[in-house]
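Only one structure is covered here, and it is reproduced in the block below.
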Amino acid sequence: MGSFVNDADNLRDTELRLGLPGTDDAAPEKSSSSPSTARGTSKRALEDDDDKKELSSPPAKAQVVGWPPVRSHRRNNLQVKKAEVEVEAEAGGLYVKVSMDGAPYLRKIDLKVYKGYKELRQALDSMFKCFSSSGEVSRKEGCEYAMTYEDKDGDWMMVGDVPWEMFISSCRRLRIMKGNEAIGLQSRA
Amino acid sequence: MTEEDGGDGEENKDVEARWWPPEAADGGRLGEGPSGSGAGGGGGGGVLADAPPPFSDQVLENVLENVLQFLGCRRDRNAASLVCRSWYRAEALTRSELFVGNCYAVSPARALGRFRRARALVLKGRPRFADFNLIPIDWGALFSPWLTAMVVTHPWLERVCLKRMTVSDDDLALLARSFPSFRDLTLICCDGFGTPGLAAFAEHCRNLRVLDLIENDLEDEVDEDVADWISRFPETITCLESLSFECVDFPVNFAALEALVARSPSLRRLRVNQHVSLGQLRRLIARAPHLTHLGTGSFRLELVPGGAGDLNAADLEAAFLASNSLICLSGFREIAPEYLPAIYPVCVNLVSLNLSYAVITAEQLRPVILQCHNLQTFWVLDTVGDEGLRAVAKTCKNLHELRVFPFDATEESEGSVSDIGLVAISGGCRKLHSILYFCQRMTNAAVLTMSKNCQDLVVFRLCIMGRHRPDHVTGESMDEGFGAIVMNCKKLTRLAVSGLLTDKVFEYIANYGKSVRTLSVAFAGNSDLSLKYVLEGCHNLQKLEIRDSPFGDAGLLSGIHHYYNMRFLWMSSCKLSLGGCNEVARRLPHLVVEVIGNFPNELDSDTVHKLYLYRSLEGPRDDAPPYVRTL
């Protein structure tokens with residue numbers, strides 16, 4: 001098996017898990033108990049598939065934006081259904097809107113594309129760095145902006161407070177707030 | 001049937017010329033000012049302002065107008081407008097529906113100035129790949145400028161249809177208030193508005209007949225801000241004929257909805273969202289027994305304990321039995337399959353059935369589909385598998401359009417339908433015009449079989465979800481299969497390719513796909529030759545969208561002779577550079593060449609990530625966001 005070490009694995013090891021055990025982001029989704037179809041009749045095709053999977057499929061292909069070309073409306077709707085079928089934690093937000101205080105434009109991102117908070121922050125940094133007045137937004141200390149999100153219940157939380165799994169299943173939208181406003185949120189936690 | 005990506009179907013739609021105003025013969029035609037080529041489809045060349053024609057000519061023009069009013073199809077009208085100035089003027093005054101395929105191709109002032117008596121506006125904005133998150137949501141395509149212009153110039157406006165445009169709540173309010181005759185609003189894949197806008201619209205639009213909201217992306221609102229828009233329709237008897245709100249994903253005030261249906265005697269099309277339960281649906285059907293189109297909402301029982309109680313399946317079936325006008329069914333958003341038999345009474349009359357949100361198996365589908373002898377349009381989830389498609393093929397001999405959507409829309413998914421299902425369909429549904437098929441396993445042989453059996457194919461869109469997947473039996477590329485399609489299906493105007501593909505397939509498309517107008521390419525081809533073939537060979541090509549394919553500047557430049565004939569070209573994640581794009585912009589001054597970056601700094605690099613170019617009479621637009629540069 002190819003070694004495919006990613007930051008998410010490291011992060012996951014050290015994370016306190018509050019969610020249901022056994023929900024593993026990197027695991028292939030093919031343990032799904034899809035409704036029984038007559039796939040059994042095309043036995044040869046199935047065998048070919050298994051062979052192919054072992055020989056050539058990379059461990060976890062990087063997700064490609066917008067592929068397969070299914071509209072997010074349909075994709076989100078069925079994502080919820082899939083979660084119900086597989087009896088997993090409900091997969092709520094996939095594409096979420098991201099706004100930044102002071103920036104006139106909203107963006108939309110797919111949370112499924114990122115493996116953890118680090119990647120998410122990187123992506124948001126590169127997406128919005130042109131808008132921050134001081135140029136480089138330092139992640140290490142004295143951040144001028146703080147990342148917050150609105151969860152399923154309508155509450156605004158700091159990004160990073162909860163385990164990644166829980167975050168992506170409950171995040172409805174993201175907002176990059178000015179640092180002084182975010183302090184109120186932080187002290188609440 | 002809802003118009004989820006109607007593609008070329010919309011282009012060919014004939015338009016009835018309605019309500020030609022009796023006073024049109026006289027006056028008002030002086031000094032129309034310089035007007036350029038036609039809006040949207042490409043009309044005449046520049047026509048200069050001139051003095052009013054002499055009297056005898058005026059008589060002729062009156063006669064002409066009387067005749068031209070009957071001309072419906074916009075392509076015919078464009079042709080008529082090119083005959084001479086007289087015809088140009090007469091046609092402009094008798095065009096009742098203004099279709100603008102790219103809202104940036106022409107300015108509101110120019111288009112509205114030419115077609116002064118238009119009563120309907122159809123506008124399309126963003127390119128289709130915006131649906132797949134390839135364009136940030138604030139890219140543009142605002143309805144506002146068109147709206148504010150029409151408030152002044154076209155107070156008689158009756159109908160608006162927008163696709164992939166941004167419409168604000170304020171726009172909706174202004175729309176409802178400014179046009180006393182307004183009656184039809186259709187929004188497809190739009191965004192920018194929410195329930196407050198709908199509320200304002202419902203309240204102020206007194207003569208509303210059609211409100212169709214299809215696949216729109218409504219603004220998320222916290223619960224307190226969600227407006228009870230259904231309650232805002234006028235209290236009196238309404239003229240509502242069609243109400244579709246499947247995409248409005250907020251709970252709806254059911255009592256208000258039921259009351260609205262009860263006081264809308266002309267209602268024939270009702271499509272509710274998934275927050276309407278089966279019990280509630282039954283009540284709605286009872287209120288509106290003459291419905292022709294029904295969107296069934298969740299199609300499951302109340303989830304709230306102590307809700308409507310159990311709904312007797314027999315009661316539901318009786319309700320459907322009484323609805324003997326139903327020809328189109330959709331919804332089934334959270335289907336409780338045990339209630340599906342309730343629709344048996346209407347199956348034989350169904351022309352259109354959309355089960356694409358219903359997670360059902362072949363066994364659950366079979367008893368339904370075996371009764372749908374008259375079905376022409378069928379949308380379904382791949383959970384029904386090849387077996388389910390066999391059942392479709394067995395019964396639906398008049399099927400014109402089939403769409404098979406993936407339950408699991410990821411690359412690594414198992415995929416439940418395959419070449420077997422495709423062959424079955426092609427064997428049974430010989431009259432197929434249009435197919436969209438998502439799968440993971442396909443063979444050239446199956447595609448070839450379809451190309452031979454279904455010679456009437458106009459739209460062929462095959463999406464093999466795993467990238468670069470070859471024929472799963474032979475291991476070869478899918479070139480031959482798609483090649484067969486373009487060779488054998490002479491009426492083909494729209495094609496989407498997928499799977500492992502080399503330059504060869506594009507050579508086939510160029511040589512045989514002479515009628516192709518829309519081509520979608522992803523993860524395909526080996527070199528610039530592919531693009532060169534297509535741009536040089538497909539003389540009727542109007543819309544070309546390409547992603548993640550190794551095409552560079554040489555390929556791009558080979559289309560310079562053709563770009564003015566196209567509506568647009570989209571290329572993302574290819575191998576383009578600023579140099580090539582600049583060259584195109586330099587040589588084609590009436591082309592708007594937009595380079596889109598993920599953030600503005602990206603625009604300085606030589607690599608072009610996303611290119612969107614389109615012909616326009618107006619030059620660069622003034623509402624482009626910072627991450628778009630127009631060359």
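Coordinate-derived values only; no laboratory data. Model, not experiment: these values are computed from the prediction. Every residue, glycine among them, receives a Cβ derived from its backbone with ideal geometry; neighbour counts consider all protein chains shown.
Over the Cα atoms of region B:560-631, what is the Rg over Rh ratio if Rh follows Kirkwood? Numbers along the way, then the final one.
Details: Rg = 11.4 Å, Rh = 12.2 Å.
A ratio of 0.93.
Can you give the local net charge around B:M165? Use residues other than it whose beta-carbon is closer than 10 angstrom to its beta-carbon, Lys and Arg +1, Asp and Glu -1.
+2
Which whole-Hz ³J(HN,Hα) couplings does region B:244-253 yield from phi under the Karplus relation 6.51 cos²θ - 1.76 cosθ + 1.60, θ = phi - 60°, glycine and proline marked x?
Once rounded to whole Hz, the list reads 10, 9, 4, 8, 8, 8, 10, x, 10, 6.
Which trypsin sites (Lys or Arg not before Pro) does region B:379-409 hold that lie in a coil by DSSP with at most 16 other beta carbons within 10 Å?
The qualifying sites are B:K397.
How shielded is B:182-190 by partner chains, expressed as the average number of their Cβ atoms within 10 Å of its Cβ atoms? Write out the running numbers ahead of the final one.
On the way: counts 0, 0, 0, 0, 0, 0, 0, 2, 0.
The mean count of partner-chain Cβ atoms within 10 Å per residue comes to 0.
Strictly over 26 Å apart at the Cα level, which of B:K490/B:K543; B:K491/B:K532; B:K124/B:K397; A:K115/A:K152; B:K532/B:K610 would you flag in this model? If you can, show how the numbers build up before the last one.
Working: B:K490/B:K543 19 Å; B:K491/B:K532 23 Å; B:K124/B:K397 34 Å; A:K115/A:K152 21 Å; B:K532/B:K610 19 Å.
Over 26 Å Cα-Cα: B:K124/B:K397.
Taking K and R as +1 and D and E as -1, what net charge do the other residues with C-beta under 14 Å from the C-beta of B:L243 add up to?
Values: positive: B:R183, B:R209, B:R232, B:R263, B:R268, B:R269, B:R271, B:R287; negative: B:D184, B:D212, B:E241, B:E246, B:E258.
Here the count lands on +3.
What number comes out for the charge environment of B:H561, summing +1 per Lys or Arg and -1 per Asp or Glu over other residues with Cβ under 12 Å away?
Net charge around B:H561: +1.
Looking at the calculated P(r) for chain B, what percent of the C-alpha pair distances fall above 39 Å?
Result: 35 percent of Cα pairs exceed 39 Å.
Average partner chain C-beta neighbours within 10 Å, per residue of B:333-340?
Mean shielding by partner chains, rounded to a whole number: 1.
Kindly work out what percent of the DSSP beta bridges joining two residues of chain B are antiparallel, to the nearest 5.
20
So what J values fall out for region B:579-585 if you push phi through Karplus, 6.51 cos²θ - 1.76 cosθ + 1.60 with θ = phi - 60°, rounded to Hz, Gly and Pro as x?
My calculation for region B:579-585 gives x, x, 5, 4, 4, 4, 4 Hz in order.
Express the C-alpha Rg of region B:359-551 as a ratio against the empirical globular expectation 2.2 N^0.38 Å, rounded to two decimals.
0.98
Please compute the length gained on full extension between B:A554 and B:N253, using 0.36 nm multiplied by the number of residues separating them and subtracting their Cα-Cα distance. All intermediate terms of the calculation are to be shown ahead of the outcome.
Details: separation 301, 0.36 × 301 = 108.36 nm, distance 5.79 nm.
Taking B:A554 through B:N253 to full extension adds about 102.6 nm, to one decimal.
Based on Cα coordinates alone, diagonalise the gyration tensor for region B:55-188, multiply each eigenvalue by 5, take square roots, and list the semi-axes in whole Å, largest first.
Details: eigenvalues 183, 60, 27 Å².
Ellipsoid half-lengths, sorted descending, are 30, 17, 12 Å.
Between the alpha-carbon centers of region B:149-175 and region B:237-294, tell me the distance in whole angstrom.
Taking the Cα centre of each part, region B:149-175 and region B:237-294 sit 25 Å apart.
Within chain B, what is the longest stretch that has no chymotrypsin sites (Phe, Trp or Tyr not before Pro) placed in a DSSP loop and near at most 16 other beta-carbon atoms within 10 Å? Write out the running numbers ahead of the final one.
Numbers: sites that count: B:W19, B:F70, B:W156.
Between the exposed loop sites, the longest stretch runs B:157-631.
Calculate one ³J(HN,Hα) per residue across region B:340-347 by plugging θ = phi - 60° into the Karplus curve 6.51 cos²θ - 1.76 cosθ + 1.60, and present them in order as whole Hz with x for glycine and proline.
4, x, 4, 8, 3, x, 9, 4
How well do other chains shield peptide B:129-137, expressed as the mean number of their Cβ atoms within 10 Å of each residue Cβ?
Per-residue shielding by partner chains comes out at 6.
Using only the Cα atoms, what convex hull volume per residue in Å³ does region B:319-460 have?
Working: hull volume 13.2 nm³, N = 142.
That works out to 93 Å³ per residue.
What nm value, rounded to one decimal, do you get for the distance between B:D225 and B:H590 when each label is placed 7 Å out toward the C-beta?
Going by the 7 Å Cα→Cβ label model, 4.4 nm.
Within 10 Å, at most 12 other Cβ atoms, and a DSSP state outside H, G, I, E, B define an exposed site. Report the longest part of chain B free of exposed GluC sites (Glu not before Pro).
B:236-631
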